[in-house]
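> Got a structure for you, written out below as structure tokens; questions coming shortly.
The values are calculated or read from the model by the stated rules, or taken from the named source; none is laboratory data. In this text the structure is predicted, and so the values were computed from the model without any measurement. Using ideal geometry, Cβ is built from the backbone for each residue, glycine included, and neighbour counts are taken over all protein chains shown. SASA here: full protein model, heavy atoms, side chains in, ligands and nucleic acids out. Shrake-Rupley method; radii C 1.70, N 1.55, O 1.52, S 1.80 Å.
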Amino acid sequence: MIPFSPPFIDNDVLEEVKESLTSGWITTGPKVKQLEEIVAKISDRKHVVAVNSATSGLMVALKWFGVGPGDEVIVPAYTYSASALAVLHVGAKPVIVDVKDDFTIDPQKIFDSISDRTKAIIPVDVAGWPADYDSIYKITEDIGIKNKFSPSTKEQEKLGRVLILSDAAHSIGARYKGKPTGKLADITIFSFHAVKNVTTAEGGAVVLNLPRQFNELEEYNKFRLMILNGQTKDAYTKTKAGGWKYDIVLPGFKMNMPDVLAAIGLAQIRKYKDFLLPERKRVALLYEREFKKFKWAKLPQLINDSTETSYHIYPLRINGINEMQRDIMIENITKSKVAVNVHFIPLPMLTLFRGIGYDISDYPVAYNNYSCEISLPIYPQLNEKQVEAVVNAVVNSYNAIKK
């Protein structure tokens, strides 16, 4: 069986975790800090806060900006549920809009959906391909849109416009017009979930890229408070001589990442740029080489001018099939001992979001993308023979439904 997305666990990972376990310190401490520093370097930013999940990262960013009941946040229909659930968790309303053919949020739909209640936009870098951030920024800076913005907190007043909060769960290491992910939005959220390019088993990171009117160091320190119950000292600091005394200065969350998990990601991220990311690219280019032979195969964007994906998912679409045929294809591919997936079931098709009034018929592009999409295995451990087996399984499955 060729699995869909196994974690990359080598001896360096095992040794890093062993070091954490035998150090006597396994919760938030020096390994988390080291991981944050490398993420900051990859992102060309200064301030990164590791958290226990990307969902937590989205929630704490929305809370920091003062988003709550009565507010609206624009999210794409084509994303994992966490993008919208984070909005619900802070008491706000997710306003779901359609996407473009490249899976990312449609800027025109954003423009059409902004109201005087809109406080944030959450673009999603689906499969690792960055959203159109230039167009999104232009919308938030539009005079008419800025005049609609109604700030209710000091952070909102200081920004003076709608917050751009990137759900970059898929896109660490991607580039958009020469800039790395992490430097594309006001705040970026990475995921280190088990299936991601870099994993800590569960985890994520908040990357700050705030405009000049903010003292980013002060806001960074506020984020650190917010993820640890509003406590002025973390557990590691409290262990130092005379460091026991602390205060609680705001109603924070418990969202910190422990060192024992950071150790997994730390060993991986050290070799991300020079090994893990190039190896994912190698697999993607092999798929591209093989599938471009077939007119029925619609290939994902990988590189375009100065924009490049992170090669997190290879979302192959099959021209000329419907949802039922796609599902049959997946069944047949699985019988060939190849695991595949679908990214994503659009939000309006899920029971929760249907129940609050969303209808997939209002999102034709999202549905069309979903109905013929098959996500193929893509990870460093795949060799050329295995890639060939995946391709053959897909081709044979397509031929079977077209007999």
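> May I ask you to list the residues in the range 293-339 that are open to solvent by less than 10 Å² (accessible area, probe 1.4 Å) and of a type in the set (Gly, Ala, Ser)?
Scanning the range 293-339 gives a single hit, 310.
> A further question follows. Could you please find all residues in the range 164-222 being buried (at least 21 other Cβ atoms within 10 Å of the Cβ) and small (Gly, Ala, Ser)?
Matches in the range 164-222: 166, 168, 169, 171, 173, 174, 182, 185, 191, 203, 204, 205.
> Hey, among the residues in the range 368-403 that are open to solvent by 30 Å² or more (accessible area, probe 1.4 Å) and in a loop (DSSP other than H, G, I, E, B), which one's modelled with the lowest pLDDT?
Top of the filtered list is 403.
> Go through the range 119-149 and report how many residues are outside any helix (DSSP H, G or I) and either free of Cβ contacts under 8 Å to residues at least 12 places away in the same chain or among the acidic types (Asp, Glu) (or both).
Final tally of qualifying residues: 3.
> Also, I was wondering about something else. Give the residue that is surrounded by the fewest Cβ atoms within 10 Å (Cβ to Cβ), with candidates limited to residues of the range 111-136 that are over 19 Å from the mean Cα position of the chain (by Cα) and of a type outside the set (D, E, K, R).
115
> Okay, moving on. Within the range 98-109, which residues are within 20 Å of the chain's Cα centre (by Cα), without any contact (Cβ under 8 Å) to a residue 60 or more places away in the chain and surrounded by fewer than 24 Cβ atoms within 10 Å (Cβ to Cβ)?
104, 107
> Failed condition for residue 347, given (1) over 30 Å from residue 87 (Cα atoms); (2) within 22 Å of the chain's Cα centre (by Cα), with all others met?
For residue 347, the exception is condition (1).
> If you take the residues of the range 40-91 that are charged (D, E, K, R) and part of a loop (DSSP other than H, G, I, E, B), which of them is most open to solvent (accessible area, probe 1.4 Å)?
Checked the range 40-91; the qualifying residue most open to solvent (accessible area, probe 1.4 Å) is 46.
> Out of the residues in the range 150-163 meeting the condition of being in a loop (DSSP other than H, G, I, E, B) and touching a helix residue (DSSP H, G or I) at 6+ places or on another chain (Cβ under 8 Å), tell me which one is most open to solvent (accessible area, probe 1.4 Å).
151
> Could you list, in sequence order, the residues of the range 225-276 that are of a type in the set (Phe, Trp, Tyr), surrounded by fewer than 19 Cβ atoms within 10 Å (Cβ to Cβ) and modelled with pLDDT of 95 or more?
253, 275
> To continue, here is another question. Show the residue pairs meeting these rules: Cβ distance below 7 Å; 6+ apart or different chains; first residue within the range 40-66 and at positive phi; second residue hydroxyl-bearing (Ser, Thr, Tyr) and not in a helix (DSSP H, G or I).
66/152; 66/153
> Spot the failing condition for residue 353; the list is (1) under 18 Å from residue 83 (Cα atoms); (2) more than 22 Å from the chain's Cα centre (by Cα), and only one is missed.
The failed condition is (2).
> Only residues that are under 17 Å from residue 54 (Cα atoms) and part of a loop (DSSP other than H, G, I, E, B): list them for the range 210-230, please.
227, the sole residue that qualifies.
> Within the range 23-39, which residues are of a type in the set (Val, Ile, Thr), more than 10 Å from residue 207 (Cβ to Cβ) and either part of a helix (DSSP H, G or I) or open to solvent by less than 10 Å² (accessible area, probe 1.4 Å) (or both)?
If the condition is that a residue be of a type in the set (Val, Ile, Thr), more than 10 Å from residue 207 (Cβ to Cβ) and either part of a helix (DSSP H, G or I) or open to solvent by less than 10 Å² (accessible area, probe 1.4 Å) (or both), then 32, 38 are the ones that fit.
> Turning to a different aspect of this structure: Would you mention how many residues in the range 340-367 are exposed (fewer than 15 other Cβ atoms within 10 Å of the Cβ) and either without any contact (Cβ under 8 Å) to a residue 12 or more places away in the chain or not aliphatic (A, V, I, L, M) (or both)?
Counting residues in the range 340-367 that are exposed (fewer than 15 other Cβ atoms within 10 Å of the Cβ) and either without any contact (Cβ under 8 Å) to a residue 12 or more places away in the chain or not aliphatic (A, V, I, L, M) (or both) gives 9.
> Could you please let me know if residue 181 is within 26 Å of residue 348 (Cβ to Cβ) and within 20 Å of the chain's Cα centre (by Cα)?
Considered against the rule, which asks whether it is within 26 Å of residue 348 (Cβ to Cβ) and within 20 Å of the chain's Cα centre (by Cα), residue 181 comes out as no.
> Have a look at 116, 101 and point out the one that is in a loop (DSSP other than H, G, I, E, B), of a type in the set (D, E, K, R), in contact with a helix residue (DSSP H, G or I) (Cβ under 9 Å, 6 or more places away or on another chain) and under 21 Å from residue 367 (Cβ atoms).
Only one candidate passes the filter, namely 101.
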